[in-house]
Amino acid sequence: MLDKIIEGIYRGDHRSISRAISIVENEGDSENTRNLIRQIYQRTGNAHIVGITGPPGIGKSTMIGNICALLSERGKKVSVVAIDASSPFTGGSLLGNRIRMQESLTKYGVYMRSLANRGINGGLSRSIWDTVKILDAAGSDFIIVETVGAGQADLDVINLADTVIVVLGPGLGDEIQAIKAGIMEIGHVFVINKMDRQGAYIAMKDIEETLAMMPRGEWKPPVVGINSLTREGYDTLIESICKHRSFCETNREARLRKFRTELQMHIDDELRRKFQKDINGVLKDEGRLEEYLLRRIDPYSAAEEIVEEIA
Ligand SMILES: Nc1nc2c(ncn2[C@@H]2O[C@H](COP(=O)(O)OP(=O)(O)O)[C@@H](O)[C@H]2O)c(=O)[nH]1
Ligand SMILES: [Mg+2]
C-alpha cells in the first residue's frame, strides 16, 4: 500500500499526497511513517520552503493566494501548508473572499493542506517536517507554510523554513511593539500588507528604522509594501523571495542549522522512547516515592540520580 502511495506522490497526485500526510499526521512516528520518509528522502531537497507568519487578520492567507498565482504563472509548482486550528482562511470573514482564494488555488492546481495545531508532545513539529518532505518529494518548487502567529507552531515554521516572511500592517496600534519584540530577528523578508490603508507608510518606516538599528548580517532583510487586493508591490515581493532563495543556496551554515534542529528533535524522541520503560518503573517504585514525600531528596537531585542509574 505504501508503495502505491509513494508512486502517487512522485506523480504529484493530490490524493496520494493527502493519504501520506494523513499517515504522518495521525500515526505519529510509527513504522509506516518511518518507512515512508525513509523511502522518499532521496527525492527531497529541491523545494524552497517559505514560512509566513504574522498576526491573525493581517492578510497572510490572501497573500499566499496571490503568491501561488504569480509563481504558478511563472511555471513554478507551489504547495501550501496552513497550520491552524480552524480553516486556513479564517480572517476572511467574507465568504466571497474565501471562495475567491480557494478558486485561485484550484485554478493553478496548487495543493493545499491544513494541519491541526495539536501542539502536544511535539506531535505537530514532527508532522510539519514530514509533511514538507512529502510535498518536496512530490516535486514542489516552493512550499509555503502559513502559521497562526504564536507559540510552538511558529517556532517550528521558523526552524524549518528557508525564507521566513513576517507580515505586518497598519492598525496594529501599541500591539506592534510587543509583536516586534519577538519577530525582528527571525524575518528574512518583512512585508507591510494593506498599503491601501491609512498608517501603512508609518508602519513601513517603523520596521525599516528598527531593522536599521539591528546588527547586520550577510543578508539585509528588505521591507516590502503590498496591497493584496490589487497585487501592487507583488513583483518586488516575489523578487525578494527569489533573491533570498539564491542566497540560501550558497549558505551552508543555514542548511546545517536546519538539519541539526531536526536531528535534535528526533534524538530527543528516540532517547525518551528508549528509556521510557525504565522511567515508568522508577515512577512506580513506592519506596523511592516515599523518600520524595518525606522530602529526603529534591527533584533535581532525584532526576539526576535516576538518569545516572538507567542510562
Ligand atoms: N484593505 C485590505 N484588506 C486586505 C488586504 N489583504 C487582505 N485583506 C483582508 O483582510 C482580511 C484578513 O485576511 P486573511 O488573509 O484571512 O488574513 P490572515 O488571518 O492573516 O490569514 C480579509 O478580509 C482580507 O480580504 C489588503 O491588502 N488590503
Ligand atoms: Mg490565514
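The values are calculated or read from the model by the stated rules, or taken from the named source; none is laboratory data. Nothing here was measured: the structure is a model prediction, and the numbers come from that model. With ideal geometry, Cβ positions are generated from the backbone for all residues, glycine too; neighbour counts draw on all protein chains shown.
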Exactly one of 155, 124 is at pLDDT below 85, surrounded by fewer than 19 Cβ atoms within 10 Å (Cβ to Cβ), away from ligand 1 (no atom under 16 Å from the Cβ) and more than 16 Å from residue 44 (Cβ to Cβ), and that residue is 155
>> With the structure loaded, tell me whether residue 139 is buried (at least 20 other Cβ atoms within 10 Å of the Cβ) and either modelled with pLDDT under 80 or of a type in the set (Gly, Ala, Ser) (or both) or whether it fails that test.
In response: no
Across region 12-53, the tally of residues that are loosely packed, with under 15 Cβ neighbours inside 10 Å and among the aliphatic types (A, V, I, L, M) stands at 0
Per the filter on region 41-61, residues hydroxyl-bearing (Ser, Thr, Tyr) and under 12 Å from residue 193 (Cα atoms) are 61
Of the residues in region 247-266 that are without any contact (Cβ under 8 Å) to a residue 40 or more places away in the chain and among the hydrophobic types (A, V, I, L, M, F, W, C), the one that is surrounded by the most Cβ atoms within 10 Å (Cβ to Cβ) is 247
Within region 267-297, restricting to residues that are of a type in the set (A, V, I, L, M, F, W, C) and exposed (fewer than 10 other Cβ atoms within 10 Å of the Cβ), the one that is nearest to residue 220 (Cα to Cα) is 293
